Every structure is written in structure tokens, then in C-alpha cells.
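Have a look at the structure below, then the notes.
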Amino acid sequence: MLNKEELSEIIRALVPEVVVPEGTQLPEFIVPAENYFTLVEKLKSDPKLSFNYLISQTAVDFQTNMTVVCHLESTNFRYLVVVKVVLTDRENPAIDSLVALYPTAEYLEREIFDLFGIRFNNHPNLKRLFLEDNYGYPLRKDFRDEINIIER
Amino acid sequence: MSSNIYDFSSLTGSIHSWLSGLMSSGWVIFSEMVLVGLVFLLMYALIGLFLVYLERKVCAIMQNRVGPNRVGKWGLLQTIADLIKLLLKELIPIRKSDALLFNLAPFIVIICSFLAMAALPYAKGLQAIDFNIGVFYVMAVSSLSVVGILLAGWSSNSKYSLIGAMRSGAQIVSYELSVGLSLLAIVVFTGSMQLSTIIESQANGWWIFKGHIPAFISFIIFLIASTAEINRGPFDLAEAESELTAGFHTEYSGIKFAFFFLAEYMNMFIVAALGATVFLGGWMPFHVGNWEGFNLIMDYIPSVVWFFSKTFFLILIIMWFKWTFPRLRIDQLLTLEWKYLLPISLLNIVVIAFIVLMGWHF
Amino acid sequence: MNSIVEYFTDIFKGLSSLWAGMRVTGKYFFSPGAIVTQQYPENRATLKMEDRFKGEIIMPHDANNLHACTGCGICEMNCPNGSIEILSDRVANAEGKLERVIDKHIYHLSMCTFCGLCVKTCPSDALAFGQEFEHAVFDRSKLTKVLNLPGSKLRKEAK
Amino acid sequence: MSEEIIKDVIVGENEDYIINMGPQHPSTHGVLRLEVCLKGETVKYLTPHVGYIHRGIEKMCEANTYQQLIHLTDRMDYLSAHMNNEAVCMIVEDALQVEVPERVKYIRTILDELNRLASHQLWWCAFGMDLGALTSFFYGLRDREHILDIFEESFGSRLLHSFVMPGGLMHDVHPNFQKRIKDFIKYFRTKLPEYDQLLTGNVIFQNRAKGIGMMSRETAIGFGVTGPSGRGSNFSCDVRKIAPYGAYDKVQFNEILETGCDVFARYKVRMAEMWESLSILEQLVDNIPEGDFTAKMKPIIKLPAGEYFRRVETARGELAVYVVSDGNKSPYRMKFRTPNFSNLFVMNEIASGYKIADLIAISGSLDLVIPDIDR
């Protein structure tokens, strides 16, 4: 069982652009958007890590940027890591899709697209999941709906 | 035999002679037909309503429930209330459906069950028409209802209905064989297809007891196959409410739906009556060998009671099946027929023929 | 030969497993005492709800038509659905000071999700859960209730 | 609706025969729509459509305080309401570094298991009914009633009991709590063998359930299928074992794993889990320590700025909660990774190629609760 430092050493060796913030609950790795897919692919295929289970994939709107957050677990070694991508372009955020690695990402990414409007490159079927096509992106902080949402 | 104290032939004979005194023979036959038709119509409605009520109560008690208990004493009028509701409901026309066939289908189904009722012997001397091919006639007529089901499924212009109808077609066509072969076993024993002859031949014991193990096996096969033939659970694939919502009658509403519903229960009554007649001695009382006193007491129970109690016993068993077992899948249904029931009943017929040839039966 | 034996043991096993299921339903069929259905409208007299049952929010009043609500508004603040509205007045008391007194404690039953936060957080234990559960009415406005009875006053604790 | 809009639809030989299963269909267990393409009776492919009851719980959480949003989580997976509550409460306790009393941990674990039992019972009813055995539905509901009565006595509500608060419980359990649970365990131990006689051993049931809906371990992990559905494919995903919470580190229990990968394996996992839950309850119910029912909490909870992640095992799989806090009294972003979301979307993978009747069995074996998907 590797501890947090050893894990970040290994991952830093895989993709050197990774930034490891301090003082987080789980091992966290912030990666540039262009290295995102490569990193996750290596995390999954590396026999020492084999992060084969994508627990959750979501996004957070920090108003200055959009952050895509992935929680990955390795079912063999029970490591849990967080991979983050900061997207500074809030108008047209786009990122690589993980569908090729994890089939569950297809629907998680559709949900993110539905609620945040983040586009996923190479996604086989990027359509809205829950809402209508012209609804807007409700989980963005600047989303306003005077009719249906009552502000308190 | 002293079992003719409740003979209905004297009653029917006296009605016939009374009518003959009033009018010419052509009119006698016509008025008798009207009379019998009215009696059957009344009986059909009463039995149908009671069976619906019975089914609800039986399943409720099996499931630790009370069942209908609001309308009337113990909910006895519940089905009548339901019938009134169904009569008042709107008949919804389906867009792009074949209107003629769509409206025709419920009538075909219900007429088939009417026809079959005519040949059943309800008591000694109480039978509308005693064909010499009675068994064959009942089977042939009751299997006609598949035409109605296929028409209903096809003409509704609904995909669920179509799947249900196709299932029903495959199911009835294959299970008809097993029903026929299991009835054939008793026909071989008696040497006659006439229902009255079959009953008379059971005066000294029912075929299920007299016919050794082969008769029992054909009784079991008859129960299974006839349950399948009338589209009842666990073989209710044609309506399969968890898969096809309501199968072939998804698009029907109001009284047209009620026709399907009633016909299903009447078909159950018909196969149970046929099974009771052929295997359990029809209206023949239960006799045990040389117990004269016991047999005499049994003779005092009217033959109508015997017939209906045997029929309802079989109906209860069929209901018991439905409320216990999960539904089969279509391929398993056909596997059961072609791999198990059909070979066994064929083998059974051969064994029975051998027994009859050697004269080993009582 | 083996397959023939298997064929018949399959039939036998299948039939016996079916019989096991039929025994269960048959057992209940012949023991109507096992019926568990409660016949609801008839058993109203004997139907006793648990004393913690969350039926609706009530404000208990004592025999002198006094309640404990000071109108502080904590329940209104804590309600996640906005189902409580408090209309309070300022009334001069005996010493001439202005004191806050509730005018109406309005409770919208139609918006309540029975989370219990108002009862839990009330500092003076003025609210409680009632046992009433038959809330169906013909008019939606009847679901808006005023919890403090007309003419009721704040119970002054003996100092 | 005008006549012109409706055109004749002619299904040619090369066109797919598509039927819509749902949103109002007896066996989709909620407002789920499955667009099923059939060839004869065989499913060629299917597409799930969700969102009919999307309520935006994640958005609503952003406007509520941590105490207030507890009652929203009840309404995600209403059959494991208690586990959902507990997940949020534990994340708050983690962030504030509050140590909850032992008594609270024990009671929470007991409630977890009771809730799991109630949920599995309801699944058993519904699964029997999906396969056409209607009697099983009433037997399961009859026994579930006993658990709901225990809930009602202690928390006042039967299904959506927002009973767990950050830091502990809303109030203490009823004095009868232990006795009633013991009675229930005794009662249910006599009823579970009946379930087996009625359904498990039945030859028709076994033929319906065996060998269909094959989901390999890789598929289960790839699609994130957790809970009993995943464990039926030998995917060890029980959070109670991986990261014990509550009093799960103090009890002996087995993680049920089956290697069958089919519907029957998933069925067996759930049946075995009911026995396992009974044994966990037996170990805990007599050992509830005395003490407070809540830790000292401030009336206004403000989570320190940061990100928190917590997983619990609900009756249907792994529920993960991810909170981003900016130091205010309500979360900045709250994400629920709900088990049914992943469990649903594996349907196309495991139901293609089987009969339409098997599709019902497969969706029943995944034990879907639709509000959990739509959130």
C-alpha cells in the first residue's frame, strides 16, 4: 500500500505537468487539459496503479474557471485519487472524453454537458441527458430562471 | 344404480311435450332454442361474475389480504359494480386501427366460449346438445378463440398487442396437441367421444382412479396444457402485464375489454368442466367399492352439485397455479410443450392403448 | 441412457420445486388467520398512531389558552421549504416597553416535508408534531393553517 | 392535435421495430423510458431516457444550509433514505472534525441495516412481480411493514425519516427500539425460508433467471455497477468493507460475492445480504452503548473552505458525496454520485441479445430507483 507521497511521486513521473496541491483530503492532481486523457490512460494502464474504476466525474463552476473533477479508484489496490482539470474558458469549455477508457463516463459526461455545458471531444453521443435542448446550464453559478427558481 | 333420483330428463321432457301441445314442431325447436339460449346467457353472466369474484377472493386469501369487502356482504356485489363501471366507460376508437376487425375480435372470443358451453353435461339429462363427438367439438370450438385474440392483437395497431397476439398464437397452436392427446387417453379407455357415454362409463369409478397411473399422468398433462391454452398464469404470456402492459387487449376499453375478461374466465370454466367430465366423472357421484351406505348417501347429493363442485375444484387448482408461479418465457413455454408434455403424452397413449388391448383396466 | 435419467430427474425435481411453492400459498389459503390487512376507515376508533408520529405541526395550547411561542422566527428561518410564516406585532406591556408578540403563526401544510427542523430548533418548545394524518381537503387554501388559536397569549414563565 | 402532423409510419423490412417501454409501464419501476429495438422477441439494443422527474437536488442544495439539505437527500433514493442522510452527515462531521458518540454510530449502523433489509424486501417483492409471481409482492410487503413500524415508532415517519443530523441523531430512539428489533429478527428468520420455497427454488423462476443478463466483472467495473448488482459479478465493491464507517468495523460480516454474473447471481447476493443484515443486527442490537444521542454542534454549521468526499454503501450500491465548500453555511457545490445512475446505463450492454421478457428480469435484477438517477 503506497501512501500519498509515494503515489504522487509515481504520478508525477508519469506526467510531469501534474500539480499536486497541499492539504487536501484525498490525493489530488491538477492536470492541464491537453494532458488529461494521457494521464488518466496511464493511471488506468499502469500495473502498479490500475485505476480501473471511475467513481464519479463532475464539474464545479468557480466563476473564474470551470473545473472537471474525476474520482478514480483502483479496485486491486484500493487507492483513491482525484484528478482535476481547470478550464479557464467559461464560454466554450471543452475537454477530452474518457469514454474510451471507462464506459460509464459516457453518461457522466452527458450529465456534465447537460448541467454545465462543458463539451467533451470524441464523445460518441453528446446530447443532453435530463433537460430540454434550450434550457441553459443550471449548475453554472450565473444561471437565472426567474419563473421556476425562487431566490430567498 | 340409484343415481337417477335427480334425473333432469323428465323435466326437460315434460317441457318439450308441453311445448309440442302448444305449437307445431318447427316452432317447438325454435322456442326451445330461444329458451336454452336465454338460460345459457344468464348462466354465462352469473358464472363469469362469480368466477371473477372467486379469483379475487382466492388470491387475496393466499396473499394474506381480505380481498373485495366493500360492495355488498363480503364484497359479493363487487364484480357487478365493476361490470356497471365497464359498461359506462368510453369505448376508445384507436386511430389507424382496422375498425371492423377491432370491433369483431371480442365477439369472436366470447362466441367461442358460448359455443363450447352448449355441449357440456351439467347434470344427468341436462345437456343442450349431446354430440357423438362431444370431446372433439368442445376442444375445436374453444381453440377457435385464438382467432379472436390474433385479430385483436393485429387490428389494434399497437406494438404491444401484436407481440401478445403472436405469442398467443404460438402458444395455443402447440398446447392444443397436448390437450387433445391427454383427452384422447380417456377416449381410448371408453371407446367413445360422446360426453354422455364417457360419464356413463364412470359409473363404477372415475377414470382418474380406474385408469391406473397413465390416466393420472394424462390428467396432470391436461391440467397444465389447458391452463396454457386458456392463457392463464403462469402461461399468460399473451397479456403478460409486466412485459406487454396488457398484451393483446391493451387498446380495448369499456365493454369490449369486459368481453375479453369474461371470456377468459369462462374458458377457465369450460376446461375445468371438461376435465371434471372426462377425468372426474362429471355429475357422477363419488362411490367407493362396496360401501353401500356411503354410496347411497353420495347418491342423494344432486348431480348438479357434483358437477359444479368438481369443476370448481379444478378451477381452484388452476387459480392456485396462477397465484404461485412466475411466468414462463416464450421459448421455455414451447420447450415445455415440445420437449416434455408432447413426448410424455404420446408415450402415455401407447401405454393406455396397450392396457386397453390387454383388458387390464377395470 | 444417462440423458434419459437426467430427463426424468429434471421433471421430478421441477415438479417437487413447484409443489414447494404451492405448499406455501396453500398453507396461507387454509389459514385465513394470517390476514394482515387493516381495514382502515372502520378501525378509526382503535387506530392509534405512534406518539412520535409526524402528522402535522401543531402549537400546543394549555387550558388557559396560552402557548409558548415568542415569535422569534427561528422556525421560519430553519424551514427549508418556506412553509412557516410568522406575522408578529409589537405590543406595549405593563411596564410600557414594546414587546414582540405573535399575531399569526401561519403554517402551509401543502409545502411541508415533515423534516422536523422547526420542532427541533424551537428554543421555547412551542411547536410539536400532531397525530392527525387525514389531510385531504377539497380546497387548497384549507391547507394553510394558523397555528395560534384566536385570543391566545404567550405563557409567562414564573420567574 | 391536428391530423396533418400524424403521418403514416410504414415499417419497412430494414427498419427497426422500436417499442417504448415507459415512462408509464408496469415494470420500469418509476418514470423511466426504455427505447427498445426488437427483432422478433429479441432485444437488439435499447436506449434509456431519463429526466422525467429531474428536480435539481444538487442545485437546491446550494441554497440550503447543511441541516436543511438533509431532507432533500431522502428523496433521491427513497428506499435507502437513511444511508443517504448518513452520507451527508458524515461528510459534515469529517469536515468539522467532530467525533460522534459511540451510541450514535451503533444506532446509525442498525438503521442502515434495517433500511437495507426493507429495501431488499421491496426489491424481492417487485422482482417476483416482474417475473409474474404476484404473490411474492404481498409477502414481501407484509414483512416490510414490520420494519416500517419500527421506523414509525422511533422517528415518526415510515419512509422518508430525516432522522440523522450532522453530529448525531435528531432525538433518541424509542425505548422499545431494541425489543422490537429483536422481535422482528425472530419473525423474519421464519419468513425468509418461505421466500426461498416460493421463488428461489422454483424451477420456472430458476429457468427465467439463470444465464441471462450476463455482466462480466470488467463490464461491472467499467460501468461502475456497484452494490449487490456489482457483487453478483464478483466485483468486490462493498464500502462497508473497503472503508468501514459507523460501527461496521466492530461487527463480523461477510461481503457476499457471487461469480455467476447473471440475474440469478444478483438475486442470490441480495437474498444472502438479507441473512447477513439480520446477523449484523443481532450483533449490534444488544450492545448499543449508553450516552448522548448527538455530539455538540454549533447551531449554524459552516464547513471550512475545501473539498470533501465521502462514500457509503446504500442498498443499491455506492453513494459518494462530493462537497465543495467556500466557508459559507451552505455548500458551494454538492455532487451526489448515486448508485442507480451507473447501474441503469449498463442495461444496453447486458440486455442486448436477450428476449423482451428477459429485459424485465434484468432491469428488475438491477433494482433501479428512478428518482435516484434523476436527482
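The values are calculated or read from the model by the stated rules, or taken from the named source; none is laboratory data. Everything numeric here is computed off the predicted structure, so don't read it as measured data. All Cβ positions, glycine included, derive from the backbone under ideal geometry; neighbour counts span all protein chains shown. Surface accessibility is based on the protein's heavy atoms, side chains included, excluding ligands, DNA and RNA. Shrake-Rupley method; radii C 1.70, N 1.55, O 1.52, S 1.80 Å.
Numbers below:
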{"item": "Net charge dipole size for chain B [Lys, Arg +1 and Asp, Glu -1 on Cβ; Debye, nearest 20]", "result": "840 debye"}
{"item": "Dimensionless Rg/Rh of the protein assembly as shown - Kirkwood Rh, Rg from C-alpha atoms", "result": "1.04"}
{"item": "B:Phe30, B:Phe102, ranked by accessible area, largest first (probe 1.4 Å)", "result": "B:Phe30, B:Phe102"}
{"item": "Rounded if a/c under 1.5, otherwise prolate or oblate - segment A:4-92, Cα gyration tensor axes", "result": "prolate"}
{"item": "Most positive-pole-ward Cα, A:Pro47, A:Thr58, A:Pro27, against dipole of segment A:27-70 from beta carbon charges", "result": "A:Pro47"}
{"item": "Net dipole in debye of the protein assembly as shown [+1 Lys, Arg Cβ; -1 Asp, Glu Cβ; about Cα centre; nearest 20]", "result": "1620 debye"}
{"item": "Under the span-like rule (Cα at least 24 Å along the axis, Kyte-Doolittle mean at least -0.5), DSSP H helices of chain D", "result": "D:102-130, D:134-155, D:263-285"}
{"item": "Accessible solvent surface per residue of the protein assembly as shown, calculated while the other protein chains remain in place, 1.4 angstrom probe, Å²", "result": "43 Å²"}
{"item": "Partner aspartates and glutamates for D:Lys44 [C-alpha distance under 19 Å; skip if fewer than 8 residues away on the same chain]", "result": "B:Glu243, B:Asp331, D:Glu13, D:Glu15, D:Asp16, D:Glu35, D:Asp262, D:Glu349, D:Asp358"}
{"item": "Per-q log10 I(q)/I(0), chain C, q = 0.12 Å⁻¹ (Debye; single scatterer per alpha-carbon; no solvent)", "result": "-0.69"}
{"item": "Distance between segment D:137-171 and segment B:8-53 - C-alpha centres, whole angstrom", "result": "62 Å"}
{"item": "Between 0 and 90°, nearest 10: helix C:2-29 axis offset from chain C longest Cα axis", "result": "40 degrees"}
{"item": "Spatial separation of Cα centroids for segment C:16-60 and segment B:156-234, in angstrom", "result": "39 Å"}
{"item": "Calculated diffusion of segment B:194-302, Stokes-Einstein form, Kirkwood radius summed over Cα pairs, 4 °C and 1.567 mPa s, µm²/s", "result": "79 µm²/s"}
{"item": "Spin-label pair C:Ser31/A:Glu132, simplified geometry with 7 Å Cα→Cβ offset, distance in nm", "result": "5.7 nm"}
{"item": "List A:Ile118, B:Ile220, ordered by accessible area with a 1.4 Å probe, largest first", "result": "B:Ile220, A:Ile118"}
{"item": "Kyte-Doolittle mean at least 0.0 and Cα axial length at least 18 Å: DSSP H helices in chain B", "result": "B:9-22, B:25-62, B:99-118, B:159-190, B:212-229, B:254-279, B:303-322, B:342-358"}
{"item": "Exposure of C:Leu147 as accessible area (Å², to 10), given a probe of 1.4 Å and all protein chains", "result": "20 Å²"}
{"item": "Separation of the B:Ile301 and D:Ser236 label points, Cα + 7 Å toward Cβ, nm", "result": "6.4 nm"}
{"item": "Rg in Å to one decimal, and Dmax rounded to a whole Å, for segment D:175-327 via C-alpha atoms", "result": "19.3, 59"}
{"item": "Cα-projected label distance for B:Leu41 with B:Lys210, points at 7 Å along beta-carbon direction, nm", "result": "3.9 nm"}
{"item": "Cα-based convex hull volume of segment D:57-341 per residue, rounded to whole Å³", "result": "120 Å³"}
{"item": "Separation of alpha-carbon centers, segment B:99-133 and segment B:65-96, rounded to whole Å", "result": "24 Å"}
{"item": "Descending semi-axes in whole angstrom, ellipsoid equivalent of chain B, from the Cα gyration tensor", "result": "34, 27, 21"}
{"item": "Listed residue pairs exceeding 28 Å between alpha carbons, taken from C:Lys145/D:Lys179; B:Lys73/B:Lys310; B:Lys339/D:Lys39; B:Lys57/D:Lys210; A:Lys44/D:Lys241", "result": "C:Lys145/D:Lys179; B:Lys57/D:Lys210"}
{"item": "Ellipticity estimate at 222 nm from DSSP helix runs (n ≥ 4, -39,500 (n - 2.57)) divided over the protein assembly as shown, nearest 500", "result": "-15000 deg cm²/dmol"}
{"item": "Given B:Lys210/C:Lys13; C:Lys104/C:Lys153; D:Lys191/D:Lys268, the pairs whose alpha carbons are separated by over 19 Å", "result": "B:Lys210/C:Lys13"}
{"item": "With all protein chains modelled, accessible area of D:Asp196 [1.4 Å, Å²]", "result": "60 Å²"}
{"item": "Measure of compaction for chain A (Cα Rg per 2.2 N^0.38 Å)", "result": "1.10"}
{"item": "Kirkwood-type radius of segment B:64-150, with distances r between different C-alpha atoms, in Å", "result": "16.4 Å"}
